[in-house]
Amino acid sequence: MVDPLHSRAGELDAADPLAPFRERFVFADDLLYLDGNSLGRLPVATRERLRRAVEVEWGTGLIRSWDSWIDLAREAGDTLATGVLDASPGEVIVTDSTSVNLYKLASAALDARPGRRVIVVEDDNFPTDRYVLEGLAKARGLELRTVAVHIDHGVQVEDLTGVLDSDVALVCLSHVAYRSGARADMPAITEAVHQVGALMLWDLCHAAGAVPTPLHVSGADLAVGCTYKYLNAGPGAPAYVYVKADLQTSITQPIWGWFGQRDQFAMGPDYEPAAGIQQFMVGSPQIFGLMAVIEGARITAEAGIEAIAAKGAALTTYAIELFDEWIAPHGWALATPREAKQRGAHVTVHHPAAWQVTQALKDAGVIPDFRTPDRLRIGFAPLYTRFEDVHEGFTRLRTIIESGSWQGYSTARSRIT
Ligand SMILES: *Cc1c(COP(=O)(O)O)cnc(C)c1O
């Protein structure tokens, strides 16, 4: 029996201009990995570069290798700026974690808007973003104004009506929502924030490497994001900071370290911030992580973010079609926008049994993840996910749901979901 949905997977794969990029990644077995939105796959080039770096650059070069390591954070930043994010060389640097960078930029933004007493965040923003801002508001005696947003639709510009006023210093939102995958309208929201004279800080974690991030087009002031999701730089790889060029001379970040110092090896008595994006560094960079960021960003840049976004839209559209056909009739609901332009590259579905079904899927060789309260989140990293994989993943999901085999799994959640 010919399944037209399955034939289409074959046609879509055959016509996929990004199909050759799959070979750039390490595949140890036939695992159906649909969690590249949490931790991307290992690129072959990264494995080779890190091997060399460990054995030769560290193993034999030792301290002498710093000559070639010292500017890697800038190189990684420029690669991201020009090839992945909509930014210019010198506007992005790779350093620290997203959480720490968020603190640095939010703090700098608050200092740049003295007298204003409000930070705006969405209630469904990623926890670390909310916690960092909560801590900053508390330490400075400011108001954290939390906007209620629908967890499946993400933040809309209308949600900010009545929230933005001349007391707002900073607004911090995610471009693509981590749970639903809903994509915010960056230009419209940034414009609304600028109308009240506030600064706009975007978290690009679930967007960069999946969809275009129109930083220049929107006039966004600041952004942060991680590199281990769609950018494939590996667990704990350093994150990036974006600071719009014309803002770099007027803001100062709060953690004064020697890597942000103008003349680092003068070892002088006082801190004087380095010019440009360099001041957003703090201490010794994580060299192996930077190399992995450069390799990951290069692959994304080579494929092109527009082509990646087009494939992400096609993969998620196909996934939603399979969901509607096979899964929705069993009482499951879609928790991701149906309009491709309003989402990133993952699809989330919900049902009270989502946790148990997630565990059953893992045992069936499919790796998605689970997010509270009852969401099964399925990521389709466009560089290495085939339409055939989507079909096979949903076939196994359908079997688990139709057979009821998930009922044999405990409802108790593990430490990491
Ligand atoms: C993944 C993610 C983070 C992670 O922050 P870390 O400091 O790298 O742990 C932050 N914000 C968002 C929106 C994320 O999706």
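A few remarks follow.
- Folded to 0 to 90 degrees: helix 186-195 orientation relative to the chain principal axis, Cα: 40
- Charging the Cβ of each Asp and Glu at -1 and of each Lys and Arg at +1, and nothing else, the dipole of segment 329-372 about its Cα centre rounds to 180 debye.
- Cα gyration tensor shape of segment 299-417, rounded if a/c is under 1.5, else prolate or oblate by comparing a/b with b/c: prolate
- Farthest towards the positive end of the charge dipole of segment 48-303, among the residues Y240, V217, H153, is the Cα of Y240, using unit charges on the Cβ of Lys, Arg, Asp and Glu.
- Residues of type lysines that K244 reaches as a straight line, Cα spacing below 17 Å, ignoring anything fewer than 8 places off in the same chain: K104
- Rounded to whole Hz, the Karplus (6.51, -1.76, 1.60) HN-Hα couplings of segment 409-417, x for glycine and proline: 9, 5, 7, 6, 8, 7, 4, 9, 10
- A Cβ-based charge dipole, computed about the Cα centre of segment 306-417 with Lys and Arg at +1 and Asp and Glu at -1, lands at about 420 debye.
- For the chain, built as a Gaussian network whose Cα springs stay under 10 Å, the top-fluctuating residue of T98, T399, T60: T60
- Lysines with Cα under 24 Å of K311, excluding same-chain neighbours fewer than 8 positions away: K229, K341
- For segment 143-148, the Karplus equation 6.51 cos²θ - 1.76 cosθ + 1.60, evaluated at θ = phi - 60°, returns couplings of 9, 9, 9, 9, 8, 7 Hz by residue, with Gly and Pro reported as x.
- Taking the longest Cα principal axis of the chain as reference, the axis of helix 98-111 is set at about 50 degrees.
- A cut-off under 14 angstrom between Cβ atoms defines the neighbours of F387, and their net charge, with Lys, Arg +1 and Asp, Glu -1, is -4.
- Oblate is the label for the chain, because a/c, from the alpha-carbon gyration tensor with a ≥ b ≥ c as root eigenvalues, is 1.5 or above and a/b does not exceed b/c.
- Residue among G197, G276, G135 with the largest mean-square fluctuation in a Gaussian network model of the chain, springs linking Cα atoms under 10 Å: G135
- Judged by the mean number of other Cβ atoms found within 10 Å, the most tightly packed of the peptides 278-284, 155-161 leads the ranking 278-284, 155-161.
- Student exercise, segment 48-303 dipole from Lys, Arg, Asp, Glu Cβ charges, in Debye to nearest 20: 420
- Packing, taken as the mean count of other beta carbons within 10 Å per residue, orders the peptides 385-391, 18-24, 187-193 from highest to lowest as 385-391, 187-193, 18-24.
- As a rough guide to protection, the peptides 287-296, 359-368, 338-347 ranked by mean Cβ packing within 10 Å, highest first, stand as 287-296, 338-347, 359-368.
- Three-way shape call for segment 185-320 based on the alpha-carbon gyration tensor, with the a/c threshold at 1.5: oblate
- From the alpha carbon centroid of segment 229-254 to that of segment 1-63 is 25 Å.
- Axis angle, to the nearest 10 degrees, between helix 305-322 and the longest C-alpha principal axis of the chain: 30 degrees.
- Spatially proximal aspartates and glutamates relative to K362 (Cα-Cα < 15 Å; intrachain offsets below 8 disregarded): D29, D30, D35, D389, E392
- Percent RCO, i.e. relative contact order, over segment 56-145, from Cα pairs under 8 Å lying at least 6 residues apart: 19
- Rounded to the nearest 500, the 222 nm mean residue ellipticity of the chain from helices alone is -10500 deg cm²/dmol, with -39,500 (n - 2.57) taken per DSSP H run of at least 4 residues.
- Put simply, the amide H of R343, placed in the peptide plane, has neighbours under 5 Å in R183, leaving out anything fewer than 5 places away on its chain.
- The residues neighbouring L142, those whose beta-carbon lies less than 11 Å from its own, together hold a net charge of +3 under the Lys/Arg +1, Asp/Glu -1 convention.
- Amide H contacts under 5 Å for R145, placed H, 5+ residues apart: I119, V120, V121
- Under 5 Å between amide hydrogens, built in the peptide plane, is the criterion, and for D96 it picks out A239, Q286 among residues at least 5 positions away or on other chains.
- J(HN,Hα) series, segment 344-360, from Karplus relation 6.51 cos²θ - 1.76 cosθ + 1.60, nearest Hz, glycine and proline x: x, 10, 10, 10, 10, 10, 9, 5, x, 8, 4, 4, 5, 5, 4, 5, 5
FYI, it's all coordinate maths here, none of it is from the lab. None of these values were measured; they are calculated from a predicted model. Positions of Cβ are backbone-derived with ideal geometry, glycine not excepted, and every protein chain shown enters the neighbour counts.
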